[in-house]
Amino acid sequence: MSENWRDVNLANWESRVAVHTGPAGYDLSAFEDPDHISDVVRYDRPRLGRLDGLDVVHLQCHLGTDTVSLARLGARSTTGLDFSPSALKEARALAARAGGDVTFVEGDVYDAVGLLGGARFDLVYTGIGAICWLPDIRRWADVVAGLLRPGGRLFMREGHPMLSTISDPRADGLLVVEYPYFESAGVTFHEETSYSGSGTLTSPEAVGFSHGLGEIFTALQQAGLRVTGLEEHREAPWNPLGDAVEPSPDHPGEYVLKEGRDRLPFTFTLQAVKT
Ligand SMILES: C[S@@+](CC[C@H](N)C(=O)[O-])C[C@H]1O[C@@H](n2cnc3c(N)ncnc32)[C@H](O)[C@@H]1O
């Protein structure tokens with residue numbers, strides 16, 4: 001494994017913030033409408049339900065768009081955690097403008113229990129490109145279990161580990177497995193641009209880690225959570241495969257394969273309860 005994965009990824013995420021808040025980036029102004037919730041949380045809503053009375057923590061909250069949206073679903077308290085100070089600056093400004101009572105805490109996911117306190121949340125929410133930055137899924141599952149009260153729930157919608165194995169789109173339209181499915185040493189990649197916004201990244205290197213569905217399931221069981229739901233989806237809220245995808249006709253802000261949609265899941269939703 002690249003020894004300095006954390007430093008490399010922090011620099012990469014710091015450099016994405018200006019791009020994501022610039023032209024063609026995240027639609028932050030939409031939150032001026034007090035009823036607006038992000039496309040990501042809108043997709044989750046039928047499975048997530050109302051959050052009235054719940055203490056919610058959003059791990060790897062980035063610019064806070066989903067965190068503010070969770071607060072708007074009625075949570076009693078909402079906390080976002082991320083290791084990027086620039087992202088949190090934007091998230092705090094968004095929450096102030098949007099009128100949301102949301103607390104943002106800077107830190108590494110692996111330190112979340114020490115930073116936020118143990119067994120004090122009813123819901124841990126995470127996903128859409130979160131666990132792919134973490135080298136050890138068992139350590140992450142221990143953090144989730146440590147944050148939750150007994151009976152508390154994990155809700156995650158994530159990039160499907162099978163999607164992350166697929167190489168760049170090919171002219172013949174075939175999907176070719178190139179990268180690891182199982183948890184392994186990590187893949188260092190170089191991308192000049194990001195999935196949102198139009199500028200170039202000043203720190204284009206990043207280290208990503210895959211975790212197989214079975215590894216995620218087993219890590220959660222061993223940490224003391226019971227998996228209560230697992231659904232695979234044909235769509236993702238970013239374009240993962242260039243010209244091979246098109247906007248989803250059914251879900252705003254989501255992308256699907258142009259051809260042969262049943263070949264590959266793009267994302268999955270997993271829910272689990274702390275026993
Ligand atoms: C793709 S974003 C999460 C997506 C989020 N759903 C969104 O679009 O608003 C990934 C986030 O993980 C954060 N991150 C990556 N590694 C982290 C770590 N080890 N600890 C805390 N945050 C981390 C990055 O700063 C970034 O904000």
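The values are calculated or read from the model by the stated rules, or taken from the named source; none is laboratory data. Note that this is a predicted model, so its numbers are computed, not measured. Cβ atoms come from the backbone with ideal geometry, glycine included; neighbour counts cover every protein chain shown. Protein only, heavy atoms only, side chains kept; ligands, DNA and RNA dropped before computing areas. Shrake-Rupley method; radii C 1.70, N 1.55, O 1.52, S 1.80 Å.
Restrict the search to the stretch 24-53; then list the chymotrypsin sites (Phe, Trp or Tyr not before Pro) that DSSP places in a loop and that have at most 16 other Cβ atoms within 10 Å of their Cβ.
none
Keeping all protein chains in place, calculate the accessible area per residue for the chain (probe 1.4 angstrom), answer in Å².
44
With every protein chain in place, what's the accessible area of Lys258 (1.4 Å probe, Å², nearest 10)?
Probe radius 1.4 Å; accessible area of Lys258 about 100 Å².
Step through the residues of the stretch 167-175 one at a time and calculate ³J(HN,Hα) from phi using the Karplus curve (6.51 cos²θ - 1.76 cosθ + 1.60, θ = phi - 60°), rounding each to whole Hz and writing x for Gly and Pro.
6, 4, x, 10, 4, 7, x, 6, 9
Antiparallel versus total DSSP beta bridges in the stretch 5-274: what percent is that, nearest 5?
Roughly 55 percent of the DSSP beta bridges within the stretch 5-274 come out antiparallel.
So for the pair Ala185, Asp101, with labels modelled 7 Å out along Cα→Cβ, what separation do we get in nm?
Calculated label separation equals 5.0 nm.
Using just the alpha carbons, could you tell me how many Å³ per residue the convex hull of the chain encloses?
121
For the chain, calculate the relative contact order in percent as a whole number, restricting contacts to Cα pairs under 8 Å that are 6 or more residues apart.
20
Exposed loop GluC sites (Glu not before Pro) only (DSSP loop, at most 11 other Cβ atoms within 10 Å): please give the longest stretch of the chain free of them, not including the sites.
4-177
Convex hull over the Cα atoms of the stretch 125-275, averaged projected area in nm²? Show your work: numbers first, answer last.
Details: hull surface 39.0 nm².
Taking a quarter of the hull surface, the average projection is 9.8 nm².
Would you mind telling me the share, in percent, of accessible area of the chain contributed by carbon and sulfur at probe 1.4 angstrom?
Reported share for carbon and sulfur atoms: 50 percent.
Out of all DSSP beta bridges in the stretch 115-264, what portion is antiparallel? Express it as a percent rounded to 5.
Close to 60 percent.
Name the shape class, rounded, prolate or oblate, that the alpha-carbon gyration tensor gives for the stretch 1-122, where a ≥ b ≥ c are the square roots of its eigenvalues, rounded holds for a/c under 1.5, and otherwise prolate holds if a/b is larger than b/c and oblate otherwise.
Values: a/c = 1.92, a/b = 1.20, b/c = 1.60.
Oblate, because a/c is 1.5 or more while a/b does not exceed b/c.
To the nearest 10 square angstrom, how much accessible area does Trp13 have with a 1.4 angstrom probe?
The accessible area of Trp13 comes to roughly 30 Å².
Tally Lys/Arg at +1 and Asp/Glu at -1 over every other residue whose Cβ is under 15 Å from the Cβ of Leu213; what's the total? Display every interim value, and only then the final one.
Values: positive: Arg138, Arg157; negative: Glu158, Glu183, Glu215, Glu231, Glu232.
Taking every Cβ under 15 Å from that of Leu213, the sum is -3.
Hey, how many Å between the Cα centroid of the stretch 161-181 and the Cα centroid of the stretch 202-222?
17
Return the sequence-ordered ³J(HN,Hα) values of the stretch 227-237 in whole Hz as given by the Karplus equation 6.51 cos²θ - 1.76 cosθ + 1.60 applied to θ = phi - 60°, using x for Gly and Pro.
Running phi through 6.51 cos²θ - 1.76 cosθ + 1.60 with θ = phi - 60° gives 6, 10, x, 8, 10, 9, 10, 7, 10, 9, x Hz.
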